[in-house]
Every structure is written in structure tokens, then in C-alpha cells.
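Following: one structure in C-alpha cells, then a few remarks.
The values are calculated or read from the model by the stated rules, or taken from the named source; none is laboratory data. In this text the structure is predicted, and so the values were computed from the model without any measurement. Cβ: placed from backbone, ideal geometry, glycine included. Neighbour counts: every protein chain shown.
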Amino acid sequence: MLNRDCYPHLFARCLTFGSIQVTPPLPNGRMIQLGDGETFLRELPGPPDSIPVVLLHGASMTADVNYVDVYQPLSQSHRVVAPDVRMHGRSSREGGFTLNDAADDVVALLDALGIDRAILCGFSMGGGIAADVVSRYPERVAGCVISGTAACYSTRRRDRRLVAGLNALRRLVAVGVDPSPGPLLLMMTGRRTELALQRQAWMLRECSQNKLSDVLAVNAQLPMVDLRPYFDNAPECPSEYILLTRDRLCHPQLQRELADLLGAHVTPLDVDHDFPVTDPVRFAESVVAAVARLDDRLRAA
């Protein structure tokens with residue numbers, strides 16, 4: 001009988017059959033103590049007078065999967081900090097997950113690194129974390145770049161059904177079945193570029209660090225997320241929003257609502273929610289360009 005740990009490797013062989021596989025170069029990473037848990041992060045130095053950028057990844061991903069092609073070009077103009085969010089990747093599972101706790105982790109990370117104010121760049125779940133920091137710790141945020149994120153995930157019936165369906169999988173975890181959903185999630189993505197296909201085995205290994213129990217812990221918090229009241233009295237924060245107009249996971253109307261709450265400059269792209277995985281280079285270009293636009297606004301202010 002096969003050990004469950006073998007399954008990701010078997011999936012990798014099946015999914016990557018016929019493709020030359022490569023592992024992308026990555027900056028150095030380290031563990032840092034935040035409260036009772038440890039957080040894994042990658043760092044790249046930038047120009048000394050630049051505003052640091054914190055990259056916050058989406059649910060079921062890691063910083064590397066989400067931002068691998070952002071690291072190097074962005075470090076030409078900014079110091080880059082990219083943590084694996086709690087309950088993801090190499091970071092701790094202690095303490096569970098709430099959006100508030102994840103946002104508090106970002107502020108604790110800024111404190112630990114001696115960063116007064118930063119640009120927060122968040123995709124999907126990471127965008128929600130960034131928006132939460134903006135609403136509760138505005139003095140720590142110079143600006144933000146957000147994509148594929150809603151202010152509230154319980155307004156649409158389809159989203160409520162999706163959350164309920166995922167929660168039903170808790171029965172598997174309760175009887176000791178806790179696989180990684182990474183292989184399934186990768187199989188569900190759309191048409192990928194050649195580079196994305198060549199990285200498939202690497203992406204699978206990265207995503208396989210996240211177990212089903214991790215995904216369900218994060219998913220359980222989605223119906224409780226409603227950032228709309230926080231922005232009633234929040235000071236304006238310079239923001240860029242990359243709106244994914246073909247997003248099947250986070251409806252474009254929900255994205256537009258958060259963009260309006262932030263008062264963000266909106267750049268629409270005709271892509272789906274799997275954009276960082278299917279076309280990582282174009283995704284990186286869109287993020288770096290959005291940070292550059294935001295940087296220009298901050299310098300002109």
C-alpha cells in the first residue's frame with residue numbers, strides 16, 4: 001500500500017508528463033518568531049530610501065507560488081518582504097486563523113523588521129489581510145495594491161454554498177483523512193503558459209505544504225469577514241486595485257465594492273482568479289506596474 005505522502009509526487013509525475021520541469025530561483029528565506037508562532041519569510045533588499053513592500057499571498061498558496069516572479073523586479077525599486085501567512089506554507093499552525101489575527105501578524109512583522117510604514121500588496125485572502133490592516137492600523141500603511149478580493153464574502157448565495165460545501169469536508173479530517181488539496185487545485189486551473197507548465201512539479205510541492213485541515217480552517221472564517229463597516233471612518237489610503245473581470249471565485253462586482261471602499265485606482269484585466277498560477281510573468285508585471293503607479297502618487301503627494 002502507498003503511503004499518503006507519496007500521492008503528491010505521483011500527481012506531479014502525471015500532471016507534468018512530457019514537460020521539462022524547472023525550479024525557479026528564489027531569494028533566501030528564514031523563520032522569524034511572531035508571538036507564540038513562527039513565520040517563514042523571504043526578503044530582498046531594495047534602495048535604502050524606498051518604502052518596503054509586503055507581499056501577502058492568497059489562500060491555499062504560499063508566498064513563492066503567488067509572487068515568485070515579483071520578487072526580483074520589485075526589489076529593483078523597493079525592499080521586498082514576503083511571508084507565508086499563518087496556517088500556510090512553512091509558517092506555524094498554532095493559534096488557528098482569523099483575518100484579524102493574520103493582519104495583526106503583519107503589524108508584528110513590521111515591528112520585528114523595524115519597518116514604520118509599508119506598501120501592502122495582497123492577492124485574494126492576502127488582499128483581505130491588507131485591507132484589514134489599512135482599516136485598523138492606517139498609520140502603518142503607506143499605500144496598498146489589492147487584487148481578487150472582496151470586502152464581504154457572504155452576500156452572494158453561490159459563495160455561501162461554496163463555503164458550506166467546503167465545510168462538509170471537515171468529516172474527512174475528523175476521521176484522520178487530511179490530504180493536501182494542492183494537486184486538485186492545480187488540476188482545476190485554466191490554460192497555463194509554457195513557463196507555468198514547466199514549474200508544475202515545483203508548484204505542486206509548494207502547495208502540498210498546505211493540508212485540507214489548513215484550508216478548512218481558513219475557509220471557516222470567510223462568512224465572518226465583513227470589512228465594510230471598518231471603512232466608515234478610516235482615513236483615505238492611496239490604493240491600486242487590479243480587478244479580475246473574468247474571476248469565477250471572487251465576483252467582479254464584489255471586487256469593485258472593495259475598490260470603491262478603498263477609493264482605489266482600478267486597472268481591469270480580462271483574467272480569472274487563477275491568474276498568478278496560469279500566467280505568473282504577466283501577473284508579476286501587473287503587480288510591479290501597480291506598485292510603480294502607487295509609488296508615483298506617493299512621491300507626488
Any hit, the range 26-46, residues being in contact (Cβ under 8 Å) with a residue 24 or more places away in the chain, under 17 Å from P276 (Cα atoms) and surrounded by fewer than 16 Cβ atoms within 10 Å (Cβ to Cβ): yes
Residue satisfying all of: in the range 22-72; aliphatic (A, V, I, L, M), over 19 Å from S286 (Cα atoms) and assigned to a strand (DSSP E or B); modelled with the lowest pLDDT among these: L34
Residues satisfying the stated conditions in the range 101-154, i.e. touching a residue at least 60 places away in the same chain (Cβ under 8 Å), in a loop (DSSP other than H, G, I, E, B) and touching a helix residue (DSSP H, G or I) at 6+ places or on another chain (Cβ under 7 Å): R117, G148, T149, A150, A151, Y153, S154
Which numbered condition V163 fails, given (1) out of contact with any Leu (no Cβ under 6 Å at 6 or more places or on another chain); (2) not in a loop (DSSP other than H, G, I, E, B): (1)
Residue satisfying all of: in the range 238-263; part of a loop (DSSP other than H, G, I, E, B) and hydrophobic (A, V, I, L, M, F, W, C); surrounded by the most Cβ atoms within 10 Å (Cβ to Cβ) among these: C250
Residues that are surrounded by 20 or more Cβ atoms within 10 Å (Cβ to Cβ), touching a Leu at 6+ places or on another chain (Cβ under 6 Å) and not in a helix (DSSP H, G or I), drawn from the range 264-301: V271, H273
Any hit, the range 198-212, residues being part of a loop (DSSP other than H, G, I, E, B), of a type in the set (K, R) and more than 15 Å from the chain's Cα centre (by Cα): yes
Residue match in the range 170-181 (condition: modelled with pLDDT of 95 or more, assigned to a helix (DSSP H, G or I) and not aromatic (F, W, Y)): no
